[in-house]
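Colleague: Before anything else, here's the structure in question.
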Amino acid sequence: MGARPRSGRLVVLAVFVLGAGLALALNLLTSGTPKLPHGVRVLTSPSSGPAVEGRTYPVRLLSPCAPAVDFDASYWEPQAGGTRLEQPAEPAKIRLVDGGHAVLRTASGQSIPLVRTQGPLALSSCP
């Protein structure tokens, strides 16, 4: 006895159902983007252009309460957390010291050393 021929439509339907089932299972298992705490925003794509070492530039703070900036095609922040901005913080200026270090000077006279960060920058809302 030979194998019974299968309809092409039946095979296509079976492949479609199997694919849809796998896609649904994968979607349920991975559940998309992780949830962030309320008030946290994540910045992933710096928009600033290149800077020249030793030159001072005007810069806008990314948060009114955190010394974080988009500068020299990267995000910058203090190496150790917990640095508080004294108000008024803006207008602010920044000077590129070398490829990984810069100094932020705020309107209140604060001088804050910053380092270039790798990857996205997470900013929480101000207290």
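We did not get these values from a lab; they are worked out from the coordinates using the rules stated. Just so it is clear, the structure is predicted and the values come from calculations on it, not from any experiment. All Cβ positions, even for glycine, are placed from backbone atoms using ideal geometry, and neighbour counts span all protein chains on display.
Colleague: Within the range 77-92, which residues are loosely packed, with under 14 Cβ neighbours inside 10 Å and of a type outside the set (Asp, Glu)?
Modeller: 79, 80, 81, 82, 84, 87, 88, 91
Colleague: For the range 72-93, give me each residue that is on the phi < 0 side of the Ramachandran plot and in contact (Cβ under 8 Å) with a residue 40 or more places away in the chain.
Modeller: 74, 75, 76, 77
Colleague: Could you please find all residues in the range 106-123 being assigned to a loop (DSSP other than H, G, I, E, B), β-branched (Val, Ile, Thr) and either loosely packed, with under 14 Cβ neighbours inside 10 Å or under 21 Å from the mean Cα position of the chain (by Cα) (or both)?
Modeller: Correct list: 117 only.
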